[in-house]
Amino acid sequence: QVQLVESGGGLVQAGGSLRLSCTASGSIISINAMGWYRQAPGKQRERKQRELVATITSGGSTNYANSVKGRFTISRDNAKNRMYLQMNELKPEDTAVYYCNADVITWGDYWGKGTLVTVSS
């Protein structure tokens, strides 16, 4: 099996920065695309309402939601099965639970349990 664990969330003032990490562990041969998604507090039961934040392929190609372009940067370390999200110029509307997603070869699609980011105004 595979586990994804996010870390790095917390409380920050508007304009501040945070760096999220996602570590994949288990019987992993390789990981295809990985991504960060977010969901506003109180809506965790509805997975379909998770908003795509950014994705990154195994080759390093990235994609961002328009709302975070120029402020967030996604990256990954394939050797360590880790993914990161550097978040700068945070806004109150960025407040959400941030989830890690990975397409793991052989095993399929996995989600972490999320890490809460709260941006105060």
From (1) assigned to a loop (DSSP other than H, G, I, E, B); (2) touching a strand residue (DSSP E or B) at 6+ places or on another chain (Cβ under 6 Å); (3) at pLDDT below 95; (4) not aromatic (F, W, Y), pick out the condition that doesn't hold for D109. (1)
Would you point out the residue of the stretch 26-35, among those that are surrounded by 12 or more Cβ atoms within 10 Å (Cβ to Cβ) and of a type in the set (G, A, S), that is farthest from K91 (Cα to Cα)? G26
So R38, is it in a strand (DSSP E or B) and open to solvent by 60 Å² or more (accessible area, probe 1.4 Å): no
What pairs can you find where one residue is in the stretch 60-84 and within 21 Å of S17 (Cα to Cα), the other is surrounded by fewer than 16 Cβ atoms within 10 Å (Cβ to Cβ) and not small (G, A, S), and their Cβ atoms are less than 6 Å apart, with a gap of 6+ or different chains? A65/L52; R71/N88; R71/E89; T73/Q86; I74/T62
Please count how many residues of the stretch 61-94 are under 20 Å from V5 (Cα atoms), of a type in the set (G, A, S) and not in a helix (DSSP H, G or I). 1
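The values are calculated or read from the model by the stated rules, or taken from the named source; none is laboratory data. What you see is a predicted model; the values in this text were computed from it and never measured. Ideal geometry is used to build each Cβ from the backbone, glycine not excepted, and the neighbour counts take in all protein chains shown. Keep in mind that these areas ignore ligands, DNA and RNA; they rest on the heavy atoms of the full protein, side chains included. Shrake-Rupley method; radii C 1.70, N 1.55, O 1.52, S 1.80 Å.
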